[in-house]
Every structure is written in C-alpha cells, then in structure tokens.
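Let me begin by presenting the structure, written as structure tokens, before commenting on it.
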Amino acid sequence: MPLSRSDASPVTLIIDTREQEPCGFGPRLVIAVRRALPAGEYSVAGLEQMVAVERKTLDDFVGTVIRARGRFYRELRRLERYARACVVVEADLGDVLAGRYRGDAYPHSVLGSALAIAVDFGVPVFFCSNRQIACRFVEGYLLRAADRRTQWFEQT
C-alpha cells in the first residue's frame, strides 16, 4: 500500500552515489535520483543541506559504532546540524539485545552507542525490523519532510 500525501505530485528523492544497495521507492510518489550527498544516504531534492537519512544493516551499524566510531561520529557531527536527520537500522532492537549480528561487540555497548547518537548528537536511531520496513520508513520520513518544506522556509 503506497503512502498517501496531501500533494499528489511526485517528490524527487536523492540517493547518495556511495549507497551500495539503495531502497526502492513507490514510483507513483517518488522520482529517485542518484548523486553525491554532503551527509547521509538519502535526502529530498532542494533539502540536501537540511534533511538526511543514514540507513544501516545491523551488521554495518554494529561495525560502524564499535570499530569505525571516529569516521561515523564525524558524519553525525554533520547530521546534527540538519533540521531533520536520522539513522535507520534494518533490524529490531531485540536483535541488538540478543546479539544477532556478526562480531564480538557486547549488546549493551551497541545499545549504548545508539543512545549516545540520539542523546549526544540529537540524531534519532530508528530500529525498523528488516530491510523492507526500513525502506518504507525512509520513504515515509522523506515524503513527510518534503511536505513540511514550506513551513521550514517560512520559519527561517
């Protein structure tokens, strides 16, 4: 079932060129374009400096927050300046707590990192069960941001 929007015209979503396995989006609502983004892997055309989504598999999230923390924290410093940014993980929080990922990271360390991202950087982390649900969430998040763009520009 496609997401409904108040405006029926398609929205152009930007997928970063470094995104290796991009989400597929509903063709009636979205035009997807690939180009380099300053931060994140997904954004909305015209809002590339204001809206970003960073999507991760659970294994990638764990590896990033445990072993590549410095690089990822630099990315989060960019994202914290955005009007709307988030990290979307293709897994359930229960998967984290049960240690259902590759690597020897302690589940409480992974959870602590997710909490630090949300609290220290103000960038929420959404655990979205699986890839299909995560991609649906990314699409909905970006469409909502596109619908709100007029209000943001009126406030600045």
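The values are calculated or read from the model by the stated rules, or taken from the named source; none is laboratory data. Bear in mind the structure is a predicted one, so any value in this text is a computation, not a measurement. So basically every Cβ, Gly included, is an ideal-geometry build from the backbone, and we count neighbours across all protein chains shown. Heavy atoms of the whole protein, side chains included, go into the accessibility calculation; ligands, DNA and RNA do not. Shrake-Rupley method; radii C 1.70, N 1.55, O 1.52, S 1.80 Å.
Total residues in region 126-145 satisfying the condition of being touching a residue at least 60 places away in the same chain (Cβ under 8 Å) and within 21 Å of E80 (Cβ to Cβ): the figure is 4. Within region 103-115, the set of residues being over 18 Å from F72 (Cα atoms), at pLDDT 95 or above and open to solvent by 50 Å² or more (accessible area, probe 1.4 Å) comprises Y106, H108.
Of the strands (runs of 3 or more DSSP E) lying entirely inside region 23-100, not one carries at least 2 residues that are modelled with pLDDT of 95 or more and of a type in the set (G, A, S). Return the pair list, or none, for Cβ contacts closer than 9 Å from residues in region 66-91 that are closer than 25 Å to Q132 by Cβ and open to solvent by 80 Å² or more (accessible area, probe 1.4 Å) to residues that are assigned to a loop (DSSP other than H, G, I, E, B) and not basic (K, R), at least 6 apart or on different chains. So the pair list comes out as R84/L47; R84/M50. Taken over region 116-125, the criterion of being assigned to a helix (DSSP H, G or I) and surrounded by 14 or more Cβ atoms within 10 Å (Cβ to Cβ) is satisfied by A116, I117, A118, F121. All conditions in (1) farther than 19 Å from G40 by Cβ; (2) in contact with a Gly (Cβ under 6 Å, 6 or more places away or on another chain) hold for E80, with the sole exception of (1).
T156 falls short on exactly one of the conditions (1) at pLDDT 95 or above; (2) open to solvent by 80 Å² or more (accessible area, probe 1.4 Å), and that condition is (1).
Checking each residue in region 8-20 for being exposed (fewer than 10 other Cβ atoms within 10 Å of the Cβ) and either touching a helix residue (DSSP H, G or I) at 6+ places or on another chain (Cβ under 8 Å) or modelled with pLDDT of 90 or more (or both) picks out R18, Q20.
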